[in-house]
1. As an exercise, find the ratio Rg/Rh for the range 1-69 from alpha-carbon atoms, using the Kirkwood inverse-distance average for Rh.
2. Can you run phi through the Karplus equation (6.51, -1.76, 1.60; θ = phi - 60°) for the range 182-191 and list ³J(HN,Hα) in whole Hz, with x for Gly and Pro?
3. At R0 = 30 Å, how high is the FRET efficiency between residue 68 and residue 91 if r is their beta carbon distance? Nearest 0.05 is fine.
4. At a 1.4 Å probe radius, carbon and sulfur cover how many percent of the accessible area of the chain?
5. Taking the chain as the reference, fit the longest principal axis to its C-alpha atoms, fit the long axis of helix 114-125 to the helix C-alpha atoms, and give the angle between the two in degrees, 0 to 90, nearest 10.
6. So, R0 is 30 Å and r is the distance between the beta-carbons of residue 185 and residue 163; what FRET efficiency does that work out to, to 0.05?
7. For the chain, take the convex hull of the Cα atoms, compute a quarter of its surface area, and give me that in nm², please.
8. Through the Karplus equation 6.51 cos²θ - 1.76 cosθ + 1.60, θ set to phi - 60°, convert the phi angles of the range 83-89 into ³J(HN,Hα) values in whole Hz; use x for Gly and Pro.
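The values are calculated or read from the model by the stated rules, or taken from the named source; none is laboratory data. The shown structure was predicted, so the numbers you read here are calculated from the model rather than taken from an experiment. As a convention, Cβ positions derive from the backbone with ideal geometry for all residues, glycine included, and neighbour counts pool all protein chains shown. Quick note on the areas: whole protein, heavy atoms, side chains included, nothing else; ligands and nucleic acids left out. Shrake-Rupley method; radii C 1.70, N 1.55, O 1.52, S 1.80 Å.
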Amino acid sequence: MEYIIIIIAAIFVNNVVLAQFLGICPFIGVSRKVETALGMGMAVLFVMTLATIVTWVINTYVLKPYGLDDFLQTLSFILVIAALVQMVEIVLKKVAPALYQALGIFLPLITTNCAVLGVALLTVQKEYTLGLGVTYAAATAIGFALALVIFAGIREQLDKSEVPNGMKGTPIALVTAGLLAMAFMGFSGLV
């Protein structure tokens, strides 16, 4: 039951973009088309889950036993995420070139996505087990992708609509993001 609560909360109630405001840059920047938003969402799902596993292991077996978790946690997590994204990029380029081409620019962009670091830190702060941490990371990434794809779909429709000159571009995108966040607040009674 705990896993189901974590999944529902991470996807809908505590959505990483709409409730916690992590990952706003890719949310606004990569949400022009549904296709690119979906690609970014899948790349974030893969990297966020993998990064959470690696950072949880490093924190549990390296930093905590030596009392370094208070001092080096954020720095080591940033380095791990950056290195992990680079290794994934290299491996995908050699092993699965089609997947590498499909992800394209999204893999390097994930290095600077603060949602990945935020989830890794939250997993450790909430003292989740590895299983709960992986579930939380995957569900959070699914919530990120869901919000990103919905937002991209709305923005595609807005591009076809008549919007006042003063609201075109970023202003209407921010208003739309606010309305989407309010819509997701309706899920707060679920958990």
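1. Radius of gyration relative to Kirkwood radius: 1.08.
2. Calculated HN-Hα couplings, in order: 5, 5, 5, 5, x, 7, 4, x, 5, 10 Hz.
3. 0.55
4. 70
5. 40
6. So the FRET efficiency works out to roughly 0.75.
7. Its Cα hull, projected and averaged over all orientations, spans 12.0 nm².
8. 5, 4, 4, 5, 5, 4, 4
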